[in-house]
Amino acid sequence: MRGKPTAGPGKPLYRGMDRAALDLQYSPSSRVPSLQAYLDAYERLSARAHQNHPVRTALRYGPHPAELLDYFPAAGGGRAPLLVFVHGGNWQALGRAASAFPAPPLLAAGAAVAVIDYGLAPDVGLDAMAGMVRRSVDWLLSRADDLGFAAHRLHLCGSSAGAHLAAMALLPGPVEGPDVSERIAGTVLLSGMYDLEPVRLSYVNEALRLDAAGAWRNSPLRLLPARLPPTVIARGGNETEEYVRQHDRMVAELRSRSAVTEVVSRLRDHFDLPYELGVRGTGLGDAVLTQLGLEGSVV
């Protein structure tokens, strides 16, 4: 999401960048002709997913009004893997209604899909958001038999801010929410922000209101445990330099901790990369289906 342009040049704040430069680097929409076109497509494709597939909507996973999810059951029944999708939006926009668009190809491959809502800034802080995502995972796992997926095959996927929140769920001893770090079978991280110090110094923090301690506490790149589940980590070819740098640093940290599959989709950008989730014949789609154990399946 793009913020209000900041006048410059100004005082260097991070890696030689002033506030105006940081604002631009953490505005992925600066690299695409129209953010609104993507938002409209998300809504249209998500509505189609709801129309064309069985779905259980507005399942409550926690006490906050935002703690709801939509669950798309797998056609194959209770031994299916589940992919939990955490939407992006700079922690302050979007929701489950416009975030079901990745579901159809994953359903066609034999997975179940859950699309979650979580509270947004400025009304909800980042610690609480991370706790909500953990709580959604815990709730889903506790109801695996009823919902019809294999509890040992839950994979957590997030895009942009959602990738950050998914990565936070991998940390043991969380500030808020249950510890689910050893109950996640795999993660899929798309175009994420994993060190929040530069984010704190940009316009994004006008909504997040992080101080230095909060940015550290919510930076999974700095806090990863020694062992992690298999991870697919991807970015588009058309991303800002800071998103590329954050991706590269996270890949380097993951390699000693996890079985990592890195994907760079050269023809994709920050906003259309999730279109490849579950799509056979794409780098990201094939990597995700392999991690889900569905590389050879046809429903």
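The values are calculated or read from the model by the stated rules, or taken from the named source; none is laboratory data. Quick caveat, the model's predicted, so the values are computed rather than measured. Positions of Cβ are generated from backbone atoms using ideal geometry, with glycine treated the same way; all protein chains shown enter the neighbour counts.
Can you tell which of Arg183, Arg266 is touching a strand residue (DSSP E or B) at 6+ places or on another chain (Cβ under 8 Å), more than 29 Å from Asp138 (Cα to Cα) and either part of a loop (DSSP other than H, G, I, E, B) or charged (D, E, K, R) (or both)?
Details: Arg183 fails: more than 29 Å from Asp138 (Cα to Cα).
Only one candidate passes the filter, namely Arg266.
Answer yes or no: is there a residue in segment 57-69 that is under 15 Å from Phe149 (Cα atoms), out of contact with any Cys (no Cβ under 9 Å at 6 or more places or on another chain), among the acidic types (Asp, Glu) and modelled with pLDDT of 95 or more.
Within segment 57-69 (the criterion being under 15 Å from Phe149 (Cα atoms), out of contact with any Cys (no Cβ under 9 Å at 6 or more places or on another chain), among the acidic types (Asp, Glu) and modelled with pLDDT of 95 or more), the answer is no, since none of the residues qualifies.
Checking the condition in a loop (DSSP other than H, G, I, E, B) and within 16 Å of the chain's Cα centre (by Cα), which residue from Ala74, Ala100, Ala66 passes?
The match here is Ala100.
Taking the residues in segment 265-286 that are of a type in the set (D, E, K, R) and more than 21 Å from Val32 (Cα to Cα) as candidates, determine which candidate is surrounded by the most Cβ atoms within 10 Å (Cβ to Cβ).
So, considering only residues that are of a type in the set (D, E, K, R) and more than 21 Å from Val32 (Cα to Cα), the one surrounded by the most Cβ atoms within 10 Å (Cβ to Cβ) is Asp286.
Go through segment 117-133 and give me each residue that's crowded, with 21+ Cβ neighbours inside 10 Å and under 13 Å from Ala161 (Cα atoms).
Matches in segment 117-133: Asp117, Tyr118, Ala121, Leu126, Met129, Ala130, Val133.
Here's the yes/no breakdown for (1) touching a residue at least 24 places away in the same chain (Cβ under 8 Å); (2) closer than 24 Å to Val55 by Cα; (3) of a type in the set (Phe, Trp, Tyr); (4) in contact with a Lys or Arg (Cβ under 7 Å, 6 or more places away or on another chain):
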| residue | (1), (2), (3), (4) |
| --- | --- |
| Ala108 | yes, yes, no, no |
| Ala130 | yes, no, no, no |
| Phe149 | yes, yes, yes, no |
| His152 | yes, yes, no, no |
| Gly162 | yes, yes, no, no |
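Take segment 18-40 and flag every residue that is of a type in the set (Asp, Glu) and either modelled with pLDDT under 95 or in a helix (DSSP H, G or I) (or both).
Scanning segment 18-40 gives Asp23, Asp40.
Checking the condition in contact with a helix residue (DSSP H, G or I) (Cβ under 7 Å, 6 or more places away or on another chain), touching a residue at least 40 places away in the same chain (Cβ under 8 Å), surrounded by 15 or more Cβ atoms within 10 Å (Cβ to Cβ) and more than 26 Å from Ala185 (Cβ to Cβ), which residue from Tyr42, Tyr71, Tyr61, Tyr38 passes?
So the residue among Tyr42, Tyr71, Tyr61, Tyr38 that is in contact with a helix residue (DSSP H, G or I) (Cβ under 7 Å, 6 or more places away or on another chain), touching a residue at least 40 places away in the same chain (Cβ under 8 Å), surrounded by 15 or more Cβ atoms within 10 Å (Cβ to Cβ) and more than 26 Å from Ala185 (Cβ to Cβ) is Tyr42.
Would you pick out the residues in segment 218-244 that are surrounded by fewer than 20 Cβ atoms within 10 Å (Cβ to Cβ), farther than 10 Å from Asp195 by Cα and either charged (D, E, K, R) or in contact with a Gly (Cβ under 8 Å, 6 or more places away or on another chain) (or both)?
Listed by number, the residues that qualify are Arg227, Pro229, Pro230, Glu241.
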